[in-house]
Amino acid sequence: MRMNDQTNELANRIAEAAKETAIWREGQHAFRVEGLGASNPYAADQAQATIWQNGFQSAQEASEGRTPAWVR
């Protein structure tokens, strides 16, 4: 592989990772804003649906056991 090809491949992988991170964060944000009633905007057969769900579940797990500030 030539250096230019390697650079392009690396750039493509970085761009793809940034897209996946944004989708994961969308899932986190959806849980924080809408809670359990949030719906996944991606079709179940798309890879993005799984990434979104992982972000949603991460936010859900992080919130377990936390007491809202107004209750403390």
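The values are calculated or read from the model by the stated rules, or taken from the named source; none is laboratory data. A quick note: this is a predicted structure, and the numbers were derived from the prediction, not measured. Note that each Cβ is placed from the backbone with ideal geometry, even for glycine, and that neighbours are counted across all protein chains shown. Note: areas computed on protein heavy atoms with side chains; ligands, DNA, RNA excluded. Shrake-Rupley method; radii C 1.70, N 1.55, O 1.52, S 1.80 Å.
Miscellaneous remarks
Let's see how each residue does on (1) more than 14 Å from the chain's Cα centre (by Cα); (2) more than 17 Å from Glu61 (Cα to Cα):
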residue	(1), (2)
Asn4	yes, yes
Ala11	yes, yes
Glu16	no, yes
Arg25	no, no
Ala30	no, no
Glu34	yes, no
Ala38	no, no
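- Number of residues in the range 42-56 that are open to solvent by less than 60 Å² (accessible area, probe 1.4 Å) and part of a helix (DSSP H, G or I): the value is 5.
- Check on Ala59, outside any loop (DSSP other than H, G, I, E, B), at negative phi, open to solvent by less than 90 Å² (accessible area, probe 1.4 Å) and out of contact with any helix residue (DSSP H, G or I) (no Cβ under 6 Å at 6 or more places or on another chain): no
- Checking each residue in the range 27-41 for being under 19 Å from Glu64 (Cα atoms) and open to solvent by less than 80 Å² (accessible area, probe 1.4 Å) picks out Gly27, Gln28, Ala30, Phe31, Gly35, Gly37, Ala38.
- Residue within the range 9-21 that is surrounded by 13 or more Cβ atoms within 10 Å (Cβ to Cβ), out of contact with any strand residue (DSSP E or B) (no Cβ under 8 Å at 6 or more places or on another chain) and either modelled with pLDDT of 95 or more or among the β-branched types (Val, Ile, Thr) (or both) present: yes
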